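The values are calculated or read from the model by the stated rules, or taken from the named source; none is laboratory data. Since this is a predicted model, take the numbers as computed values, not measurements. Cβ coordinates were reconstructed from backbone atoms using ideal geometry, including for glycine residues, and neighbour counts include every protein chain displayed. Please note that ligands, DNA and RNA were not included when accessible areas were found on the heavy atoms of the full protein model with its side chains. Shrake-Rupley method; radii C 1.70, N 1.55, O 1.52, S 1.80 Å.
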Amino acid sequence: MVGSHAVLHHQVKKLVRVFVEHRTLLLVPIPKGTTPSFMLRWLCETARLEASAFGRFVFSPGQVAVQVAADISAKVSERVSGALLAGVRIACRAMAEGDQPDAARFTMLKECLDWEGEEEARRGSMGASREGDALNRLHIVDETPGLWGRTLLTLGTERGADLPWSRLDPGLPVLVATIVQGDGETPARGVVVSRSASRLVVALDDDPPDDGSLVRVSKAPDEVSRKRQQGALERVASAFDDRLACLRDIAAGLMEAESAEWLPSEWVNSGLNDSQKEAIVMAMSARDIALIHGPPGTGKTTTLLEVVLQAVRRGQHVLVTAPSNLAVDHLLEGLVRHGLRAVRLGHPARIHEDLRSVSLDALVDKHPDTRESRRITKQARALFRKAGKWTRGKPEPGERQADRVAARQLFADARALDDQVVAAILRDAQVVAATATGLDAGVLMGRRFDLVVLDEAGQATEPVAWSALLHADRAILAGDPCQLPPTVVSDRARKAGFEVSLLERLLAMPESVPSVLLNTQYRMSEALALFPSVESYGGRLLSHVDNADIRLSGSEWSEPPFLFIDTAGAGWEERQEEGNGVSRWNPAEADYLVRLTHRLVEEGILEADIGLITPYAAQARLLRERLGRAGVEIDSVDGFQGREKDVILVSLVRSNDAAEIGFLAETRRTHVAITRARKLLVLVGDSVTLGSHPWYQRLIDRAAEMVGHRSVYEDPIGIDLV
């Protein structure tokens, strides 16, 4: 009998075989050094097929095209999409006949955007919005003018009770509609300005509903953003012999990024560590694209601030961008503190209150030429009113038409003056900041930037990233693909690899694009950092000496700093929330977490230093209802991204006889949860259910190594909590 190795070798020699009826699948990103024999073995194991199922392989930098029989191509694509190859998450899609790999990828990205739009429209038309995307039966509490001519609408419940939990956070575009709409009535569009326990404030661009109306506020589909992304993909795909084409070809692995030597005359921040300095030198030396991989607590923002400050010192104009308003404002805040002339683009309601003074709206309002523009606009409106007004005397022939023509010309003059004001403000700015999808080509008027910095690039889909990079002469992408992936609502798009960010794909191509890992973290104790370092960063994540041995002071909870409280055998099974087909909760586990929190507070730990995290929205809501402590922050994993607390308690929820863990199998979500803690991390979950997944079993084993694996019946510090 021929050995398995010999069989594989024989099959590799036959990779030139072509099926009579075949489909070609494109797999990206493929790590450097992946050999045909390793690729074939991995495909056989992942797709659960014999080697004979695969035909010709065509390797190119960062990707591989493989032929499979047409009748099994869908099965192969489904099993391969999202699987890990040497630690890299693989996207897979079918290529059209005659497609080149890079062209096929852009076709796939355009299709994914369409699928995303279709899914959002389907959810909206069926009332099947994701849980927390809407609030119903709200009353209008107050209505005031504000925010540069927009209407501020304050909404609340009938008796002033707390609002239900929702994802309607500040900056989110929303629709405000009356519960019973009249004929032809359309919802008013607006943006959430602020949210408290009992009030939601929305800035409306349209006329508000009548007083006394019951209204529904729901997340608005962002068609403008999607159209901008489609336009960006078209521009990138069609670019020829220019900087954009060069950046595209480097990102495709067809060219290598270039660099030129750069050394700082002095550091603005004298406290930078060695890996931060290495990343800054690499970023400033890069002529095309460079990557900064920033694990939790490694000072990514500090590093990017230095990059921008050094670029401005060289007289460069910089665009700072990110997928979210929060991430943009976080970086911009530091730049403003350093005294840079900055302009923040975007709806004022989406901008942090402390930064609205540098918003484009505010700067335009303060510009001396704006007064003249407003005077001309007022004059134009008066002419339009005059032209449409009925008078007793018969107007001269052509008089009304002449007034309308004159009014239109005045409006054009006012717009031209406004354009000049905007152009002057942008020209004078050292830094322009906006979300990647908030970059309005009409506002930028073709403006390009010496440097574009895309922060949180691991949470940006590739079209979002290209929306920013098409304005760049050179670009820095910073983020961490080991944390939360981009938000994708379409299952079809997810299976096609839409969750694979440009940053993740480029990090798998180190031969084409330079990158640096920030390797010193300042958040977690060394004991807490060990597991994420080994699992996600190849053991390269180190702890700074100042935080390596931090512990909770004056508390019996200081040792061990990592506990896994095991609910196996307690009968605390998960439940599916009534009327909801997705979210889950675990009431018994929630009660335990509440008692645990009370015990921590009794031990002298401040409520503000405690965070409760759970992957499930229903469990987060249940914890809020049952804990009733305003000082303890409770949120989903998504809501805690970028945050930290001295003490983090994690409710993992899943406990069932089938050992099913659902979307917890996406371990990046739990990775985020366990890297929020500075001094104490407590996980509560069922080891039998969770241990069916190797990653969670290793996490539980790590707790056991630290003598921190306890049954729910063994209280962590000797107090009976069950």
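Exactly one of these conditions fails for His671: (1) more than 24 Å from Ala570 (Cα to Cα); (2) surrounded by fewer than 17 Cβ atoms within 10 Å (Cβ to Cβ); (3) not β-branched (Val, Ile, Thr). Give me its number.
Condition (2) is where His671 drops out.
Which condition from (1) within 26 Å of Ala103 (Cα to Cα); (2) at pLDDT 50 or above; (3) in contact with a strand residue (DSSP E or B) (Cβ under 9 Å, 6 or more places away or on another chain); (4) surrounded by 14 or more Cβ atoms within 10 Å (Cβ to Cβ) is the one that Cys44 breaks?
Result: Cys44 passes all but (1).
If you go through region 646-666 one residue at a time, how many are open to solvent by 10 Å² or more (accessible area, probe 1.4 Å), in a helix (DSSP H, G or I) and in contact (Cβ under 8 Å) with a residue 40 or more places away in the chain?
Matching residues across region 646-666 total 2.
Collect the residues in region 501-520 that are part of a loop (DSSP other than H, G, I, E, B) and either open to solvent by 30 Å² or more (accessible area, probe 1.4 Å) or not small (Gly, Ala, Ser) (or both), keeping them in residue-number order. Let's see the steps before the verdict.
We begin by selecting, within region 501-520, every residue part of a loop (DSSP other than H, G, I, E, B); these are 501, 508-514, 518-519.
Hits for region 501-520 are Met509, Pro510, Glu511, Val513, Pro514, Leu518, Asn519.
Quick one: which of Gly253, Gly271, Gly171 is assigned to a loop (DSSP other than H, G, I, E, B) and in contact with a helix residue (DSSP H, G or I) (Cβ under 7 Å, 6 or more places away or on another chain)? Lay out the reasoning, then the answer.
On the way: Gly253 fails: in contact with a helix residue (DSSP H, G or I) (Cβ under 7 Å, 6 or more places away or on another chain); Gly271 fails: in contact with a helix residue (DSSP H, G or I) (Cβ under 7 Å, 6 or more places away or on another chain).
Among Gly253, Gly271, Gly171, only Gly171 is assigned to a loop (DSSP other than H, G, I, E, B) and in contact with a helix residue (DSSP H, G or I) (Cβ under 7 Å, 6 or more places away or on another chain).
Could you tell me which residue of region 584-605 is modelled with the lowest pLDDT, considering only residues that are closer than 15 Å to Asn656 by Cβ and not aromatic (Phe, Trp, Tyr)? Explain how you work it out, then say what you get.
Residues of region 584-605 that are closer than 15 Å to Asn656 by Cβ, as a first pass: 584-589.
Next cut, not aromatic (Phe, Trp, Tyr) only: 584, 586-589.
Numbers: Arg584: 90, Asn586: 95, Pro587: 94, Ala588: 94, Glu589: 95.
Within region 584-605, the match that is modelled with the lowest pLDDT is Arg584.
Out of all the residues in region 286-298, is one or more surrounded by fewer than 23 Cβ atoms within 10 Å (Cβ to Cβ) and assigned to a strand (DSSP E or B)? Quick ask: steps written out before the conclusion?
At the first step, the residues of region 286-298 found to be surrounded by fewer than 23 Cβ atoms within 10 Å (Cβ to Cβ) are 286-288, 297.
Those still in the list that are assigned to a strand (DSSP E or B) too: 286.
There is at least one residue in region 286-298 that is surrounded by fewer than 23 Cβ atoms within 10 Å (Cβ to Cβ) and assigned to a strand (DSSP E or B).
Give me a count of the residues in region 596-630 that are assigned to a loop (DSSP other than H, G, I, E, B) and over 19 Å from Ser166 (Cα atoms). Write out each step before concluding.
Narrowing region 596-630 to residues assigned to a loop (DSSP other than H, G, I, E, B): 603-606, 615-616, 628-630.
Still in the running and over 19 Å from Ser166 (Cα atoms): 603-606.
Within region 596-630, residues that are assigned to a loop (DSSP other than H, G, I, E, B) and over 19 Å from Ser166 (Cα atoms) number 4.
For region 58-80, give me each residue that is open to solvent by 10 Å² or more (accessible area, probe 1.4 Å), outside any helix (DSSP H, G or I) and more than 16 Å from Ala104 (Cα to Cα).
Once the filter is applied, which keeps residues that are open to solvent by 10 Å² or more (accessible area, probe 1.4 Å), outside any helix (DSSP H, G or I) and more than 16 Å from Ala104 (Cα to Cα), region 58-80 yields only Ala69.
Identify, from the list Ser166, Ser194, the residue that is open to solvent by less than 10 Å² (accessible area, probe 1.4 Å), at pLDDT below 85 and among the polar types (S, T, N, Q).
On the way: Ser194 fails: open to solvent by less than 10 Å² (accessible area, probe 1.4 Å).
On inspection, the qualifying residue turns out to be Ser166.
Name every residue in region 690-720 that is at pLDDT 95 or above and among the polar types (S, T, N, Q), in order of residue number.
Gln697 - this is the single residue of region 690-720 that is at pLDDT 95 or above and among the polar types (S, T, N, Q).
Can you find, within region 534-557, the residue that is farthest from Leu690 (Cα to Cα) among those that are assigned to a helix (DSSP H, G or I) and touching a residue at least 24 places away in the same chain (Cβ under 8 Å)? So that I can check it myself, show each step before the final result.
Restricting attention to region 534-557, the residues satisfying the condition of being assigned to a helix (DSSP H, G or I) are 534-537, 556-557.
Within this subset, residues satisfying the condition of being touching a residue at least 24 places away in the same chain (Cβ under 8 Å) are 535-537, 556-557.
Values: Glu535: 17, Ser536: 19, Tyr537: 22, Glu556: 28, Trp557: 25 Å.
The qualifying residue farthest from Leu690 (Cα to Cα) is Glu556.
Between a residue in region 618-637 that is within 14 Å of Trp585 (Cβ to Cβ) and open to solvent by 40 Å² or more (accessible area, probe 1.4 Å) and any residue that is among the β-branched types (Val, Ile, Thr) and part of a helix (DSSP H, G or I), which pairs come within a Cβ distance under 9 Å, given they are 6 or more apart or on different chains?
Arg626/Val594
Please go through (1) open to solvent by 30 Å² or more (accessible area, probe 1.4 Å); (2) over 30 Å from Leu25 (Cβ atoms); (3) touching a helix residue (DSSP H, G or I) at 6+ places or on another chain (Cβ under 7 Å); (4) of a type outside the set (Gly, Ala, Ser) for Pro532 and return the number of the only condition it doesn't satisfy.
Tallying (1) open to solvent by 30 Å² or more (accessible area, probe 1.4 Å); (2) over 30 Å from Leu25 (Cβ atoms); (3) touching a helix residue (DSSP H, G or I) at 6+ places or on another chain (Cβ under 7 Å); (4) of a type outside the set (Gly, Ala, Ser), Pro532 fails exactly one: (1).
Considering region 304-334 alone, what residues qualify as being assigned to a helix (DSSP H, G or I) and either touching a Gly at 6+ places or on another chain (Cβ under 7 Å) or of a type in the set (Gly, Ala, Ser) (or both)?
Within region 304-334, Leu305, Ala311, Asn325, Ala327, Gly334 qualify.
Name the single residue, out of those in region 95-107 being at pLDDT 80 or above and over 29 Å from Tyr537 (Cβ atoms), that is surrounded by the fewest Cβ atoms within 10 Å (Cβ to Cβ).
Initially, region 95-107 is screened for residues at pLDDT 80 or above, giving 105-107.
Right, trim to over 29 Å from Tyr537 (Cβ atoms) and you get 106-107.
Details: Phe106: 20, Thr107: 17.
Checked region 95-107; the qualifying residue surrounded by the fewest Cβ atoms within 10 Å (Cβ to Cβ) is Thr107.
Assuming Ala203 fulfils every condition listed in (1) surrounded by 14 or more Cβ atoms within 10 Å (Cβ to Cβ); (2) not in a strand (DSSP E or B) apart from one, which condition is it?
If we test Ala203 against (1) surrounded by 14 or more Cβ atoms within 10 Å (Cβ to Cβ); (2) not in a strand (DSSP E or B), just (2) comes out false.
List, please: which pairs have Cβ atoms under 7 Å, are six or more places apart or on different chains, and start with a residue in region 269-297 that is farther than 17 Å from Leu542 by Cβ and end with one that is of a type in the set (Asp, Glu)?
Listed by first residue and then by second, the contacts come to Asn269/Glu306; Ile280/Glu306; Ser285/Glu261; Arg287/Glu258; Asp288/Glu258.
When the residues of region 659-680 are filtered to those that are of a type outside the set (Val, Ile, Thr) and within 21 Å of Pro587 (Cα to Cα), which remaining residue is modelled with the highest pLDDT? Step through it out loud before you land on a result.
From region 659-680, those of a type outside the set (Val, Ile, Thr) are 659-660, 662-666, 668-669, 671, 673, 676-680; that's our starting set.
Restricting the remaining residues to those that are within 21 Å of Pro587 (Cα to Cα) gives 659-660, 662-664, 673.
Working: Ala659: 91, Glu660: 92, Gly662: 88, Phe663: 86, Leu664: 91, Ala673: 95.
Filtering region 659-680 for residues that are of a type outside the set (Val, Ile, Thr) and within 21 Å of Pro587 (Cα to Cα), the one modelled with the highest pLDDT comes out as Ala673.
Can you tell me which condition Val281 does not meet? The list is (1) in a helix (DSSP H, G or I); (2) touching a helix residue (DSSP H, G or I) at 6+ places or on another chain (Cβ under 8 Å); (3) of a type in the set (Val, Ile, Thr), and all the others hold.
Failing condition for Val281: (2).
How many residues does region 351-384 contain that are open to solvent by 80 Å² or more (accessible area, probe 1.4 Å) and under 16 Å from Gly171 (Cβ atoms)?
So the count comes out to 3.
For region 593-615, state whether one or more residues are within 18 Å of Glu574 (Cα to Cα), crowded, with 16+ Cβ neighbours inside 10 Å and over 27 Å from the mean Cα position of the chain (by Cα).
Yes, that holds for at least one residue.
Count, please, the residues in region 320-345 that happen to be within 23 Å of Ala423 (Cβ to Cβ) and open to solvent by less than 40 Å² (accessible area, probe 1.4 Å).
Final tally of qualifying residues: 10.
I'm told Arg643 meets every condition in (1) more than 25 Å from the chain's Cα centre (by Cα); (2) part of a loop (DSSP other than H, G, I, E, B); (3) of a type outside the set (A, V, I, L, M, F, W, C) except one. Can you identify the failing condition by its number?
Just one mismatch for Arg643, condition (1).
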